[in-house]
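First comes the structure, then the notes that go with it.
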Amino acid sequence: MLLVLLATTATAQDFPIIPQPAHVQPQPGNFTITPTTRLVVTDAEDRKAAVFLNNYLQECYGIKLAMASQATKDFVRLSSRSTTSETEGYKLQVATQGVTITGNSPVGTFYGMQTLLQLLPVQQQTSLTIPAVLIEDAPRFPYRGMHLDVARHIFPVPFLKKYLDYLALHKMNYFHWHLTDDQGWRIEIKKYPNLTSVGAYRAGTIRGRYPGTGNDNTRYGGYYTQAEVKEIVAYAADRHITVIPEIEMPGHSSAALAAYPWLGCPGTGPYKVQETWGIFPDIYCAGSDSTFTFLQDVLTEVLALFPSKYIHIGGDEAPKANWRKCPRCQKRIKEEGLKNESELQSYFIHRIEKFLNSKGRTIIGWDEILEGGLTPNAVVMSWRGERGGIAAARQQHPVIMTPSSHLYFDHTQRKREDSVTMGGYTPLEKVYNYNPVPKVLSAEEAKYILGAQGNVWTEYIQHPEKVEYMIFPRMSALSEVLWAAPANKNFDDFEKRLLTQLQRYRFWDAGYSTAHFDLTADVAPAPGKNGLRVTFGAKAPGSTITYSLAGEKATQPYTAPLLVQESQQVTAYHHQHNKLKDSITLDLKLNKATGKPITIKGYISEFYAADGPFTLVNGLVNKTGNRTREALGFKSVDPQVTIDLGTAQEINTVTVHTLFDSDSWAYPPRLVEVHGSADGKSYKMIGSTTPAGPFTGKKVPVNVRIPAAKARYVKVVIKQQPRIAEGKPGAGETPWLFVDEVQVE
Ligand code: ACM
Ligand code: ZN
């Protein structure tokens, strides 16, 4: 009897809510929602929550609750303490007589209702039993966003609504709608019909991963009418979501220039709606006043459609080559007393900002808007890591964090991706462990961090199903980053709740990635030993792992990390409930440097940081030449890589494996020098190589022959090409250097 009574009080683990609420206090007993339960709503402002709840109950369980103005039992009551405030906290009480949700405002009530949905069963039933509980909750950040690029690929209005539902279900409140780009202009502007009749369509699309395997030569495009835009904005507002439109300027504007070529600098063009990915030289002319008239006209129509206080004006990736050659732009630089083209971009953004400020709106721009001077009231969206966000916060500007390293959901979430994605590797745990407030900020500076956002660029996302595969479950992790206080976050706990969340995705009929449950392989230096330690793992319930070495037929159970001390091929097999699910083969190439202490002088790009310096001595050499997480990226630095071989050793060759891809601005180095030292202090050059082009493959191993030398410390100085040559993509810019492995033999 006692056991039965005890069993009726749930524990905190019985509430698999994502994002994790601030306080969850289980209570004895439970309550059951049935078709007779009344939905009590007294204030019109809470109707949004009531409607969402009833739609959800109807779609998922086939139940619709009758509305009532009061009830003493068998009720779900929605009410708000204040209908004027916007504070987002709420209290949710499930007791034996009914459910009471009290928001601090109708927004809070809406979120309390979202939490209630997560207490419901994840199968279809008409009697929904919920354990009694008291939940008090409020978010950490005021800006909790998701972005969607509809320019590279367009998505139908019903899917956008589904996407907004996903935001609401995760208590997110901003939808950043990337509406214009080189590959398509997607919003109807009545004053400039060519923007959509011309700018919304491209003649074809590249096939496969950039630079691709040809063009499909199939006309592609579409756009949203103003009526559809209004429908989306209203649908979002019903979910307490603000839609922020992004109109890109001055770059990423090929589609607009194709529609109205006079928007470009004289003598440039012809323009077209782009059929491939990347960065294009097409840019609005900053010297022409008609550019600004055009943009103000466009923005005037945009403002009429979007009540959002924030308007995103892009500002990223705007090559200045056309401006350098344009007499009008150069005249503007002179007349305005600007120093260079970066300041001209700042002038451009400032002029647009003044216009938008005069209409009561605030601009958001990508972190490039810091270059040439931040305009007075701009919000910075930090995407090239956190540096832009940190700088902006220190200048007392609000910041939204979207570092590509952690929050670009177009990056792959599995090491061995089976569909085409962007290069970066951003697994679930990395998203979960992201903290939007950089440690280097003071408490005062940290107040400028409004929150963060997941970005979904769609070069390789053609269909709604792929959007879902890319966002789930990472968006669920992000929702917790944005909502839960750091002390209330715990990945192990999230992982347990995630199992229920996966059932919810299925219940919502949403696709998702199971990458987190893949077989994983981790290579690390063997502590205190020569060689490598290889660890395999599999998170899925019921998993076992076996492995075999090259040449061995038999597999053996994997029970502990393997010590690998010579070149070896290791294959691990992942079995779930005794069925083979998945396998990984590591082709480890050991040499004198493998697993040895390594330091790198010279900034490693946070986009391409892989496993840090160890990546270069991890025994894994890139086989395909595709940029994977197996390489470190450097820009505008000549890295110095120092490896401690442990003892003085004979050295014959040093091989620096680099990647070459002119379309991605990635070039082999111009010079590699090897210096040797006995004590790690005084070095002597022992060899050097100037790689000779032309380079053909994507992999360029640079071999440095060492004539008879002995050294314990090997310092490899890698000198970059200074500029990308004329006629190549990114001409005049500093190239990237990718290094994948350094071998000492
Ligand atoms: C960006 O990813 N170019 C903002
Ligand atoms: Zn110009």
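The values are calculated or read from the model by the stated rules, or taken from the named source; none is laboratory data. All of these numbers come straight from a predicted model, not from anything done at the bench. For neighbour counting, all protein chains shown are included, and Cβ atoms are generated from backbone atoms with ideal geometry for every residue, glycine included. All accessible areas refer to the heavy atoms of the entire protein, side chains included, with ligands and DNA or RNA removed. Shrake-Rupley method; radii C 1.70, N 1.55, O 1.52, S 1.80 Å.
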Need at least 3 residues that are at negative phi and more than 21 Å from the chain's Cα centre (by Cα) per element, so show me which strands (runs of 3 or more DSSP E) inside segment 126-184 make the cut, counting only ones lying wholly within it.
128-137
What number of residues in segment 412-433 are open to solvent by less than 50 Å² (accessible area, probe 1.4 Å) and modelled with pLDDT of 95 or more?
3
Go through segment 55-91 and report how many residues are in contact with a Lys or Arg (Cβ under 6 Å, 6 or more places away or on another chain) and of a type outside the set (Gly, Ala, Ser).
2
Just to be sure I understand the filter: pairs with C-beta atoms under 8 Å, separated by 6 or more residues or on different chains, first member in segment 258-280 and more than 20 Å from Cys326 (Cα to Cα) and within 16 Å of ligand 1 (Cβ to nearest atom), second member of a type in the set (A, V, I, L, M, F, W, C) and open to solvent by less than 60 Å² (accessible area, probe 1.4 Å). Which pairs pass?
Gln274/Ala255; Gln274/Phe280; Thr276/Ile206; Trp277/Ile206
Only one of (1) more than 16 Å from Arg239 (Cα to Cα); (2) without any contact (Cβ under 8 Å) to a residue 60 or more places away in the chain does not apply to Gln124, and that is (2)
Considering only segment 329-347, I want to know if a residue exists there that is under 25 Å from His147 (Cβ atoms), touching a residue at least 24 places away in the same chain (Cβ under 8 Å) and either touching a Pro at 6+ places or on another chain (Cβ under 7 Å) or within 16 Å of ligand 1 (Cβ to nearest atom) (or both).
yes
Spot the failing condition for Gly389; the list is (1) part of a helix (DSSP H, G or I); (2) crowded, with 17+ Cβ neighbours inside 10 Å; (3) away from ligand 1 (no atom under 16 Å from the Cβ), and only one is missed.
(3)
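Within segment 185-223, which residues are in a strand (DSSP E or B) and over 25 Å from the mean Cα position of the chain (by Cα)?
If the condition is that a residue be in a strand (DSSP E or B) and over 25 Å from the mean Cα position of the chain (by Cα), then Tyr201, Arg202, Asn215, Tyr220 are the ones that fit.
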The residue from Gly680, Gly633 that alone is in contact (Cβ under 8 Å) with a residue 60 or more places away in the chain and among the small types (Gly, Ala, Ser) is Gly633
Hey, among the residues in segment 224-257 that are among the hydrophobic types (A, V, I, L, M, F, W, C) and either within 16 Å of ligand 1 (Cβ to nearest atom) or within 21 Å of Ser290 (Cα to Cα) (or both), which one's farthest from the chain's Cα centre (by Cα)?
Leu257
Spot the failing condition for Pro281; the list is (1) within 10 Å of ligand 2 (Cβ to nearest atom); (2) under 26 Å from His147 (Cα atoms), and only one is missed.
(1)
Where residues in segment 398-411 are part of a loop (DSSP other than H, G, I, E, B) and open to solvent by less than 20 Å² (accessible area, probe 1.4 Å), which of them is nearest to ligand 2 (Cβ to nearest atom)?
Thr402
Return the residues of segment 33-68 that are in a strand (DSSP E or B) and either open to solvent by 40 Å² or more (accessible area, probe 1.4 Å) or of a type in the set (Gly, Ala, Ser) (or both); say none if nothing qualifies.
Arg38, Ala66, Met67, Ala68
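So, in segment 69-89, how many residues would count as being within 19 Å of Tyr111 (Cβ to Cβ) and in a strand (DSSP E or B)?
5
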Quick count over segment 200-233, residues being open to solvent by 50 Å² or more (accessible area, probe 1.4 Å) and under 30 Å from Val51 (Cα atoms), is 5
Considering segment 683-705, residues that are assigned to a strand (DSSP E or B) and touching a residue at least 40 places away in the same chain (Cβ under 8 Å), and then whichever is most open to solvent (accessible area, probe 1.4 Å), we arrive at Arg705
Within segment 367-383, restricting attention to residues that are open to solvent by 10 Å² or more (accessible area, probe 1.4 Å) and part of a loop (DSSP other than H, G, I, E, B), which residue is nearest to ligand 2 (Cβ to nearest atom)?
Gly372
If Ser382 meets every condition in (1) in contact with a strand residue (DSSP E or B) (Cβ under 9 Å, 6 or more places away or on another chain); (2) hydroxyl-bearing (Ser, Thr, Tyr); (3) away from ligand 1 (no atom under 16 Å from the Cβ) apart from one, which number is that one?
(3)
Which ones in segment 636-660 are open to solvent by 20 Å² or more (accessible area, probe 1.4 Å), under 26 Å from the mean Cα position of the chain (by Cα) and touching a residue at least 60 places away in the same chain (Cβ under 8 Å)?
Ser636, Val637
Somewhere in segment 581-598, is a residue closer than 27 Å to Glu386 by Cβ and modelled with pLDDT of 90 or more?
yes
Index of the failed condition, Thr599 passing every other in (1) part of a strand (DSSP E or B); (2) in contact with a Pro (Cβ under 7 Å, 6 or more places away or on another chain); (3) open to solvent by less than 50 Å² (accessible area, probe 1.4 Å):
(3)
Under the condition of being open to solvent by 20 Å² or more (accessible area, probe 1.4 Å) and under 31 Å from the mean Cα position of the chain (by Cα), which residue from segment 83-122 is farthest from Leu167 (Cα to Cα)?
Pro121
Taking segment 456-488, which residues are in contact with a helix residue (DSSP H, G or I) (Cβ under 6 Å, 6 or more places away or on another chain) and over 12 Å from His170 (Cα atoms)?
Ile461, Pro464
Ile101: of a type in the set (A, V, I, L, M, F, W, C), free of Cβ contacts under 8 Å to residues at least 60 places away in the same chain and within 13 Å of Val133 (Cβ to Cβ), yes or no?
yes
Return the total of residues in segment 82-108 being touching a helix residue (DSSP H, G or I) at 6+ places or on another chain (Cβ under 8 Å) and modelled with pLDDT under 95.
3
If you take the residues of segment 610-621 that are surrounded by 18 or more Cβ atoms within 10 Å (Cβ to Cβ) and under 24 Å from the mean Cα position of the chain (by Cα), which of them is modelled with the lowest pLDDT?
Ala610
